[in-house]
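Values quoted throughout were computed directly from the atomic coordinates according to the rules given, and no laboratory measurement underlies them. Note that the coordinates shown come from a computational prediction; the quantities given were computed from them, not determined experimentally. Here the Cβ positions follow ideal geometry from the backbone for every residue, glycine too, while neighbour counts run over all protein chains shown.
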Amino acid sequence: MKISHALALIACLLTGIRATGFAQTTLRPDYKTAEKGLGKITGNVVDSIWANPVEYVTVALYNASDLIKPIDGTVSDEKGKFTLNELATGSYAIKISSMGYNEKLILIPRVDDNTIALKNVKVSVSAHLLKEVSVTGQASLIEEKVDRLVYNAEKDLTAKGGDATEILRNVPLLSVDLDGNVSLRGSQNIWVLINNKPSTILAASVADALKQIPADQIKSVEVITSPSARYDAEGSGGIINIITKKNNLEGMSLTIDSGIGNRASTLGLNGSYRKGKFGINLNGSGRAIYNKAIYDFTQRTLAEQIVTSQYSTAKHLGGFGNYALGLDYDLKKNESLSAGIRFGTRVFSRKQNMSVSQQNGNAAPELSGRDIDSKDLSNSVDVNLDYIKIIKPQTELSISTLYSRADLTNNSDASLFSGSRQLQGTQENNNKGNNQEATIQVDFTTPVNKSQLLEFGAKGIFRSVKSTYSYIFSTADTSAEYLNIAGGNLDYAQNVGAAYLSYMLTTKSKWTVKAGARYEMTTIEASTAETERIDIPTYQNLVPSIAISKALGLFTLKGGYNRRIQRPGIGQLNPNVNIVNPQNLMTGNPQLRPELTDNFELSASGAIGKFYINAAVFTRQTARAISQVRIPIDSIEGATLTTYQNIGKQQDYGANLYASWQILPIWSINGSVDTYYAVLNGVSPGRNGGNVNLTNKGWYANKRFMTQLSLPDNWKVQANGMFNGKALQLQGRMGGYMLYSLGFRKDFKGNKGSLGITGDNIFSKSIKVSGDFSSPLFVQRTRNQLINRGIRLTFSYKIGRMGMEVKRKTKSIKNTDVKEGEGN
């Protein structure tokens with residue numbers, strides 16, 4: 001889509017906003033007709049124990065002389081806030097009710113032409129749950145909303161001093177492998193946001209980006225399994241939104257977070273200042289990692305009977321930085337501006353010593369070796385400017401802009417040796433690229449009446465991806481002027497124009513329905529030095545979504561359907577061939593097409609006594625599924641090329657079970673089991689130059705466990721354990737593995753800081769993960785061994801003091817439209 005087309009679409013939307021924005025709100029039919037006036041009652045509803053907002057509460061208005069028939073009413077928003085407008089002079093009462101809470105009646109003695117502000121209306125747990133108040137406390141670790149699950153990472157003790165990867169390993173529905181790749185319900189086809197915003201820091205590799213975000217900066221993680229039409233249509237498995245800590249209180253504070261260990265060390269500063277209409281948040285952090293690993297690789301080609309074996313040891317050294325500055329300013333009481341800039345940097349080095357043995361039939365093995373030095377470097381910047389105007393309660397206009405850029409460098413140098421360790425030559429692979437995005441988004445929200453809400457908007461994304469790569473080969477006696485040099489490049493421009501409409505209905509019988517549709521048009525222009533222009537046609541998608549929830553006593557039932565598309569990311573598109581391992585080369589595929597996925601899910605959640613449970617079943621049907629495939633290379637004996645292809649069809653069927661038990665007020669446990677059955681259908685190269693149809697199917701499961709114990713004198717203990725089952729691929733499986741940790745923390749008086757110690761896998765030296773793959777042409781086995789037994793000390797301290805909360809609202813862009821893949 002051309003920029004002019006996208007801007008025209010947004011202009012049409014703004015015209016609709018002007019026509020719709022001032023629609024009159026009508027009363028629900030079961031209310032009496034109330035006299036009109038200038039009075040107003042406002043308030044916000046919070047839990048009486050934990051002071052958390054209680055969302056979607058029913059607020060009924062009565063005349064003080066008649067508490068039987070309501071005359072007006074409303075429903076609180078997701079922040080627990082509500083407003084009753086146009087009240088005539090008189091005496092009133094309001095009744096507040098919500099599932100799981102006692103009804104609360106508040107008398108309003110007199111309303112004139114003024115505003116009665118009820119601050120923090122506290123509601124208590126109903127009699128059914130009152131004796132299990134601690135269950136609500138446990139729910140503060142895991143919260144469930146209409147379309148998402150929220151994990152409050154602030155309460156995770158063992159992740160302190162770690163990074164975002166360690167937080168995500170404890171989140172229900174998610175699994176994280178040893179390389180940091182994240183899966184949601186068994187699918188890596190997800191999109192990760194930071195504070196509701198996309199970032200080019202995540203475009204090249206989510207796994208690497210997560211290592212840049214310290215766990216101490218993360219407030220919560222939202223797992224969105226049923227994204228509404230407001231979200232981009234991308235991420236066939238769902239969306240993960242990482243919310244970092246931000247202080248919106250009056251005053252000034254500075255927090256120091258640090259950690260030191262035998263596998264990683266961190267240092268972070270978080271500052272906040274707010275006075276009147278102006279606020280500023282500043283945070284910066286650095287993280288260093290150091291580790292060792294062992295890699296085994298064995299492959300046998302079935303036609304030539306060539307057996308290749310590799311064994312290598314590696315040292316990993318990495319430095320990561322993440323720095324952010326946020327500003328916000330209230331233009332008027334109902335208008336505000338916010339701006340931010342985030343900078344990320346990564347320096348990662350892997351030094352590897354590899355020995356190779358290759359045997360052809362009954363001949364004697366040929367021995368060789370290589371010393372490899374690989375460097376992955378990146379710098380990224382995100383700049384946003386957002387405007388929001390509250391026209392009237394629940395009627396809002398927001399305009400958001402975002403510019404992002406990431407510069408990437410992936411270089412490797414290899415020295416080649418004979419079996420007797422004599423230098424034979426060198427190989428060098430240099431790959432530089434950048435991913436640049438500009439985005440504009442307009443959203444408008446307005447109530448249709450007291451129980452219905454309408455949202456619509458438009459968005460334009462203008463993305464440019466460039467990659468330039470080169471190879472330099474030499475022998476031991478090659479002079480500089482006779483070096484063998486080759487290379488290529490990729491230019492990839494992608495423009496997306498989108499518009500959406502979403503509708504939500506909340507009924508008195510506690511049904512909530514949210515339905516919508518999103519239209520997206522994508523144009524792509526791509527070229528390489530080898531093939532010049534790549535013909536990738538424009539494609540259009542209409543993606544519907546619906547989510548339904550029903551409160552039934554202590555339980556809530558939810559069901560949902562959505563269609564998603566999954567565009568390939570830069571790591572999957574980049575045609576640079578990674579030559580670090582000569583027998584297992586890796587490259588992307590710039591001709592990949594997007595996936596199309598239909599998702600269905602049904603879940604139930606609620607509390608029984610001190611026991612909380614969340615259970616769900618789901619299915620995914622994916623066409624043009626993108627998957628890794630391994631292809632033999634005719635020109636290199638015994639070698640394979642790992643790349644990405646649209647393999648065909650993938651079907652997933654699964655169930656999730658999460659449960660928590662507040663055994664004592666000071667002791668809780670929780671755990672989850674995620675089970676999946678997958679069916680993959682695709683094609684693979686066969687003998688005699690043809691293709692053969694392949695099918696791979698099977699069960700796999702992920703499990704996790706956590707317990708927390710509060711001890712006297714502000715001591716806390718937490719233990720975690722998790723097991724990732726074997727992951728299915730078209731040509732085989734990657735093996736499972738187990739991780740565990742134990743942490744102790746001492747909180748200082750007045751919550752001014754803490755001192756803690758955490759051990760990871762302290763009873764085992766390393767983690768071993770094996771992979772088995774096969775096709776009509778080869779059999780392959782891999783084993784990765786990560787030396788990760790570690791211990792770390794953490795320290796945090798807060799300076800300064802914050803006062804009364806400033807009530808404000810901000811909006812920001814959410815790009816969720818690119819599939820993650822490994823870089824090459």
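Given a Förster distance of 30 Å, report the FRET efficiency between residue 666 and residue 122 from their Cβ-Cβ distance, rounded to the nearest 0.05. Could the numbers behind the result be given before it?
Working: r = 24 Å, r/R0 = 0.80.
FRET efficiency, residue 666 to residue 122: 0.80.
Using the Kirkwood formula on the Cα atoms of the stretch 300-425, what hydrodynamic radius do you get, in angstrom to one decimal?
Numbers: mean 1/r = 0.0505 Å⁻¹.
Final number for the Kirkwood radius of the stretch 300-425 is 19.8 Å.
Could you tell me which of the pairs 155/375; 81/514; 40/95; 69/145 are separated by over 24 angstrom between their Cα atoms in the structure shown? Before the final figure, lay out the partial values.
Details: 155/375 35 Å; 81/514 20 Å; 40/95 16 Å; 69/145 30 Å.
Exceeds cut-off: 155/375; 69/145.
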With 0.36 nm assigned to each residue of separation and the Cα-Cα distance removed, residue 154 to residue 508 gains 124.0 nm
For residue 600 and residue 389, extending 7 Å from Cα along the Cα-Cβ vector and measuring point to point gives, in nm, a value of 4.5
In nanometres, the difference between 0.36 nm per residue of separation and the alpha-carbon distance of residue 746 and residue 699 is 12.7 nm
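I'd like the per residue volume of the convex hull spanned by the Cα atoms of the stretch 611-687, given in cubic angstrom.
Numbers: hull volume 10.6 nm³, N = 77.
Here the figure is 138 Å³ per residue.
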Sorted largest first, the Cα spans of the stretch 238-805 on the principal axes come out in Å as 79, 58, 51
With 0.36 nm assigned to each residue of separation and the Cα-Cα distance removed, residue 762 to residue 278 gains 169.5 nm
For residue 226, the net charge from surrounding residues (Cβ-Cβ under 9 Å; K, R +1; D, E -1) works out to +1
Flagged as over-length at 32 Å C-alpha distance, from 79/649; 36/119; 315/749; 466/649, the pairs are 79/649; 315/749
Once Lys and Arg are counted +1 and Asp and Glu -1 for all other residues with Cβ under 10 Å from that of residue 747, the total becomes +4
Between residue 619 and residue 145, the FRET efficiency computed from the C-beta separation at R0 = 25 Å comes out, to the nearest 0.05, as 0.65
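Using a Förster distance of 60 Å, how high is the FRET efficiency between residue 107 and residue 403, based on the Cβ-Cβ distance and rounded to 0.05? Before the final figure, lay out the partial values.
Values: r = 53 Å, r/R0 = 0.88.
Using R0 = 60 Å, I get an efficiency of 0.70.
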PRE zone check, label point 7 Å out along Cα-to-Cβ of residue 68, amide N under 19 Å, scope the stretch 84-115, hits 92-95
